[in-house]
Amino acid sequence: MSNFVIIAVCLIGGFIVRRLGHFRREDAKPLNTVVLWLSLPALIFTEVPKIFRFATLSHEMLWVAGMPWIQFTLILLLALVLRKAFGFGLKTVGAITLTAGLANTSFVGFPVVEAFYGVEGLRYALLADQLGSFLALATVGLVVASTCAGRSVSATQIVKRVVCFPPFVSFCLAVLWGFSSLPVEGFVIDACRRLGGTVVPLALISVGWQLELSRPALKHYRMPLFLGLAYKLVLFPMFFWMLLRFFVAPESLMYRVTVLESAMGPMITAAVVAADFDLEPELAQLMVGIGIPVSLVSLSVWHWVLG
């Protein structure tokens with residue numbers, strides 16, 4: 001219960017502080033920087049070595065990391081179909097693909113998974129985020145964004161974005177640590193655990209801080225917004241809930257975390273990328289601004305369904 005209190009207090013607190021303190025949406029960037037450069041790498045280095053040291057590696061783990069890639073591919077195909085059916089522009093297709101195709105598996109995903117399934121579930125969530133959502137955004141996500149915006153992006157830019165991302169660097173080091181004979185407990189891991197404990201409050205305060213709604217934009221984008229959120233929060237989790245039963249034991253923690261991660265709201269970073277490429281930035285903001293609060297309700301439903 002305390003985990004849910006923390007989620008609510010931090011999310012609402014970030015939302016209120018910004019509006020009462022005369023801050024701007026962009027003022028949350030220092031929080032994001034601390035999370036991405038310090039807190040999240042520390043959390044990764046705390047938990048990932050244990051996966052590769054103690055867990056039995058199996059093909060089932062590929063579903064955890066592969067879920068975001070499958071989801072991104074499906075929404076891209078669906079967005080192209082919607083373009084013909086509803087006459088959406090290519091930039092709208094790009095905005096829907098990025099925000100509905102990539103889940104918020106870290107800033108919202110980690111706190112929610114930890115609240116529902118504890119630290120054990122968090123380890124699978126880290127796999128889904130680092131090998132799934134992040135890599136998908138940094139590679140095919142950039143390609144789709146540049147194509148829909150009529151720009152070009154080089155392979156060098158993609159590689160640089162991946163290898164220079166602090167959480168991914170931490171993930172690679174953590175994997176090596178896990179396969180080595182170095183201890184997975186001790187003062188180094190303990191220090192990382194303490195730093196990693198700041199991920200949840202800082203990430204949720206940042207999410208609440210950046211939530212924003214615009215009535216004119218809401219009216220203008222109501223159709224792509226409704227379709228994007230329906231696919232992201234309802235249809236895709238339902239798809240994985242049925243599909244994974246053929247490959248992973250439904251009662252396993254891996255199955256539950258993977259389905260729950262597929263039901264997370266839109267990724268904030270994906271909306272930032274959409275804005276950077278001028279892919280209907282207001283639509284991308286609405287996907288995040290409405291999708292994340294609504295997902296906190298729908299995730300509770302999915303948690304009940306998963307048992």
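The values are calculated or read from the model by the stated rules, or taken from the named source; none is laboratory data. Source: prediction; values computed, not measured. Every residue, glycine among them, receives a Cβ derived from its backbone with ideal geometry; neighbour counts consider all protein chains shown.
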Quick one: is Phe246 at pLDDT 90 or above, more than 30 Å from Gly21 (Cβ to Cβ) and surrounded by 22 or more Cβ atoms within 10 Å (Cβ to Cβ)? no
State the number of residues belonging to the range 164-187 that are touching a residue at least 24 places away in the same chain (Cβ under 8 Å) and assigned to a helix (DSSP H, G or I). 12
Is it the case that some residue within the range 138-147 is closer than 19 Å to Gly109 by Cα, modelled with pLDDT under 85 and not polar (S, T, N, Q)? yes
Test result for Glu251, out of contact with any Cys (no Cβ under 8 Å at 6 or more places or on another chain) and over 13 Å from Val108 (Cα atoms): yes
Selection from the range 91-108 of residues within 18 Å of Ile44 (Cα to Cα) and out of contact with any Asp or Glu (no Cβ under 7 Å at 6 or more places or on another chain) yields Asn104, Phe107, Val108
Among (1) at pLDDT 85 or above; (2) surrounded by fewer than 24 Cβ atoms within 10 Å (Cβ to Cβ); (3) closer than 26 Å to Ser146 by Cβ, where does Trp302 come up short? (3)
Under the condition of being over 18 Å from Leu142 (Cα atoms) and among the aromatic types (Phe, Trp, Tyr), which residue from the range 156-187 is modelled with the highest pLDDT? Trp177
Quick check on the range 49-63. Is at least one of its residues hydroxyl-bearing (Ser, Thr, Tyr) and over 17 Å from Phe134 (Cβ atoms)? yes
With Arg215, Arg245, Arg222, Arg161 as the choices, which residue is of a type in the set (D, E, K, R), closer than 21 Å to Ser133 by Cα and free of Cβ contacts under 8 Å to residues at least 24 places away in the same chain? Arg161
Would you mind telling me which numbered condition in (1) touching a Leu at 6+ places or on another chain (Cβ under 8 Å); (2) over 27 Å from Val184 (Cα atoms); (3) at pLDDT 85 or above Leu38 fails? (2)
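A quick yes/no check of all residues on (1) of a type in the set (Val, Ile, Thr); (2) touching a helix residue (DSSP H, G or I) at 6+ places or on another chain (Cβ under 9 Å); (3) under 22 Å from Thr139 (Cα atoms):
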position	(1), (2), (3)
Gln210	no, yes, no
Leu253	no, yes, no
Glu261	no, yes, yes
Thr269	yes, yes, yes
Phe277	no, yes, yes
Leu299	no, yes, no
Count of the range 292-307 residues which are under 17 Å from the mean Cα position of the chain (by Cα) and more than 10 Å from Phe116 (Cβ to Cβ): 7
Would it be correct to say that Ala42 is more than 21 Å from Ser170 (Cα to Cα) and of a type in the set (Gly, Ala, Ser)? no
The residue that is farthest from Ile51 (Cα to Cα), considering only those in the range 151-175 that are surrounded by fewer than 12 Cβ atoms within 10 Å (Cβ to Cβ) and not β-branched (Val, Ile, Thr), is Arg151
Scan the range 17-39 for residues that are in contact (Cβ under 8 Å) with a residue 12 or more places away in the chain and not hydroxyl-bearing (Ser, Thr, Tyr) and report the count. 13
Can we say Phe226 is under 22 Å from Gly66 (Cα atoms) and at pLDDT 85 or above? no
